[in-house]
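The block underneath contains the structure these notes are about, expressed in structure tokens.
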Amino acid sequence: MSKFGGIEAGGTKFVCAVGSGPGDLDSVEIPTTGPEETIGRVLDFFGRHGRVEVVGIGSFGPIDPVPESATFGYITSTPKLAWRNFDLAGAIREGLRVKVAFDTDVNAAALGEFRWGAAQGLHTFLYLTVGTGVGGGGMVNGGLLHGHRHPEMGHMRVPHDRERDPFPGNCPYHGDCLEGLAAAPAMEARWGRLPHELPADHPAWELEAHYLALGIANLTLALSPQRVVVGGGILRHEQLYPMVRAKVATLLNGYVATPEIVPPGLGGRAGVLGAIALGQAIL
């Protein structure tokens, strides 16, 4: 039986796995440090599992996912300076001597949810993750979202009422884009506490739901998804789901139908399972 490898390459950790789906996954988490140290530990993990046929990679970005490009497989203009212009796919391909599939971490998670999770049977849906950053991927008419490179949904501009929220935003590129206002580092900078330290009745959650609803309403009007799957560390605070659903419905105001807004069916495994699915697709 073929063995498939998957890598969810995140800004804080790499999740590596060998398996063919949710039922036989053997995985490990590796802290994201510099490229040399991190890739060394990734190669060690796969080396202990024998030969794999292909490795799928879902990576933090921005990346170059275009196979015809001279920089295909690179992490490009990331704020993580040590990883800027790093050939991630090439390092894995050469280190393991295998075929490599490469896409964004959020597209990989979307594919995982499509194969085994909360997006089964759908043709047009979005996957959003809200944690250290805000990212989005998904499918339209059965194909993963790409384009000139790939969408960067977390960097859309959303209305920012500075009287209500004087925090200027902390995205190094755009200031008060969605990520700059709603990601975990923005919440910590605004409130002086990590999100998991904030009680359920803290005003942070009402504001967080407001920004997420603005983003989801914009994406609904642009892409008309059947469902929006929202995960990431911030959404471990499950009180956000009903708040976001209500706010999206208010923002859309009956003009179009409000899509279902649901948690990932695969939980925290969506990204690495989706990476395995990426690899399976190219064999």
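For GLU36, state whether it is among the charged types (D, E, K, R) and within 14 Å of ALA108 (Cα to Cα). No, not satisfied. The set of residues in segment 16-25 being surrounded by fewer than 18 Cβ atoms within 10 Å (Cβ to Cβ) and touching a residue at least 40 places away in the same chain (Cβ under 8 Å) consists of SER20, GLY21, PRO22, LEU25. Go through (1) surrounded by 19 or more Cβ atoms within 10 Å (Cβ to Cβ); (2) at pLDDT below 95 one by one and return the number of the condition GLY58 breaks. Status for GLY58: all satisfied but (2). Applying a threshold of 8 Å to beta carbon distances and a minimum spacing of six or more residues, or different chains, the list of pairs starting in segment 26-44 at a residue that is within 12 Å of ALA9 (Cβ to Cβ) and ending at one that is acidic (Asp, Glu) is empty.
Within segment 140-163, the set of residues being free of Cβ contacts under 8 Å to residues at least 40 places away in the same chain and either loosely packed, with under 15 Cβ neighbours inside 10 Å or more than 18 Å from ILE63 (Cα to Cα) (or both) comprises ASN141, GLY142, GLY143, GLY147, HIS148, ARG157, HIS160, ASP161, ARG162, GLU163. Considering only residues that are touching a Cys at 6+ places or on another chain (Cβ under 7 Å) and in a strand (DSSP E or B), which ones fall in segment 7-52? Matches in segment 7-52: ILE7, SER27, VAL28, ILE30. For segment 250-267, a residue qualifies if it is outside any loop (DSSP other than H, G, I, E, B) and surrounded by fewer than 16 Cβ atoms within 10 Å (Cβ to Cβ), and the qualifying residues are THR250, GLU260, GLY267. Based on what the data block shows, is ILE39 in the same structural domain as VAL100 (by TED's automatic domain parsing) and in contact with a strand residue (DSSP E or B) (Cβ under 7 Å, 6 or more places away or on another chain)? It is false that ILE39 is in the same structural domain as VAL100 (by TED's automatic domain parsing) and in contact with a strand residue (DSSP E or B) (Cβ under 7 Å, 6 or more places away or on another chain). Among the helices (runs of 4 or more DSSP H) contained in segment 149-248, which hold 2 or more residues that are among the charged types (D, E, K, R) and under 30 Å from TYR74 (Cβ atoms)? Once the helices (runs of 4 or more DSSP H) in segment 149-248 are filtered for at least 2 residues that are among the charged types (D, E, K, R) and under 30 Å from TYR74 (Cβ atoms), nothing remains. Only one of the listed residues (VAL18, VAL54) is of a type in the set (Val, Ile, Thr), under 21 Å from the mean Cα position of the chain (by Cα) and farther than 19 Å from ALA82 by Cα. That residue is VAL18. Among the residues of segment 61-75, those that are touching a strand residue (DSSP E or B) at 6+ places or on another chain (Cβ under 6 Å) and in a loop (DSSP other than H, G, I, E, B) comprise GLY61, ASP64, PRO65, GLY73. Can you name every residue in segment 48-72 that is among the small types (Gly, Ala, Ser) and more than 19 Å from ILE276 (Cα to Cα)? Listed by number, the residues that qualify are SER69, ALA70. Does VAL55 satisfy the criteria of being touching a helix residue (DSSP H, G or I) at 6+ places or on another chain (Cβ under 9 Å) and part of a helix (DSSP H, G or I)? It is false that VAL55 is touching a helix residue (DSSP H, G or I) at 6+ places or on another chain (Cβ under 9 Å) and part of a helix (DSSP H, G or I).
Could you say whether any residue in segment 76-84 is assigned to a helix (DSSP H, G or I), within 17 Å of the chain's Cα centre (by Cα) and under 23 Å from HIS155 (Cα atoms)? The answer is no; no qualifying residue exists.
The values are calculated or read from the model by the stated rules, or taken from the named source; none is laboratory data. Since the model is a prediction, treat every value here as computed from it, not as a measurement. Counting neighbours? That spans all protein chains shown, and the Cβs are built from the backbone with ideal geometry, glycine included.
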